[in-house]
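The values are calculated or read from the model by the stated rules, or taken from the named source; none is laboratory data. Only a predicted model underlies this, so the values are computations on that prediction, with no experimental measurement involved. As a convention, Cβ positions derive from the backbone with ideal geometry for all residues, glycine included, and neighbour counts pool all protein chains shown. The area values use the complete protein model at the heavy-atom level, side chains included, leaving out ligands, DNA and RNA. Shrake-Rupley method; radii C 1.70, N 1.55, O 1.52, S 1.80 Å.
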Amino acid sequence: MRIGELAARADVNIQTLRFYEREGLLRRPMRTASGYRSFEASDLERVRFIKICQGLGFTLREIQQLIQLHKTISASRGARTMQPAAVREIVELANERLAVINDKISALSSMRADLSALVESLTIYPESPGACPASH
């Protein structure tokens, strides 16, 4: 598919796809004889993955690390064993990502509790609201 079709199917603009390509988040696509980019279904899945990760609050740098982790694991599937250094790197990166995810879950849980308490307070006592969670 051409870049416009990929952009439409992924619900992003063409400039976003070009940016992802420059940053190495998206592979450099094959080109047609006339120079148009030619993308595959796997590119659509990659863009969708990036968008999901962004929606969860991951930075592009963190998403790049997740993509690299996936590439490393996928590349080793055909081998009988992985190199110890590669295993250590994967474990270290995975632990870093888990720590980030756990921190985000903790922060979101706290925000949820604060917002729930505010909604409950406003429901029970609409004339006297509790403290706004944004004022902390």
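Scan the stretch 12-27 and give yes if some residue there is in a strand (DSSP E or B) and over 19 Å from R97 (Cα atoms), otherwise no. No, there is no match, as no residue in the stretch 12-27 is in a strand (DSSP E or B) and over 19 Å from R97 (Cα atoms).
If we keep just the residues of the stretch 59-74 that are under 18 Å from N102 (Cβ atoms) and polar (S, T, N, Q), which is surrounded by the fewest Cβ atoms within 10 Å (Cβ to Cβ)? Per the stated criteria, the residue is T59. Scanning the stretch 14-23 for residues that are touching a residue at least 24 places away in the same chain (Cβ under 8 Å) and open to solvent by 50 Å² or more (accessible area, probe 1.4 Å) yields a single hit, E23. Restricted to the stretch 29-41, and to residues that are among the charged types (D, E, K, R) and part of a strand (DSSP E or B), which residue is surrounded by the fewest Cβ atoms within 10 Å (Cβ to Cβ)? Here the answer is R31.
Only one of the listed residues (L26, L44, L115, L56) is closer than 24 Å to A8 by Cβ, touching a residue at least 12 places away in the same chain (Cβ under 8 Å) and either open to solvent by 40 Å² or more (accessible area, probe 1.4 Å) or not hydrophobic (A, V, I, L, M, F, W, C) (or both). That residue is L56.
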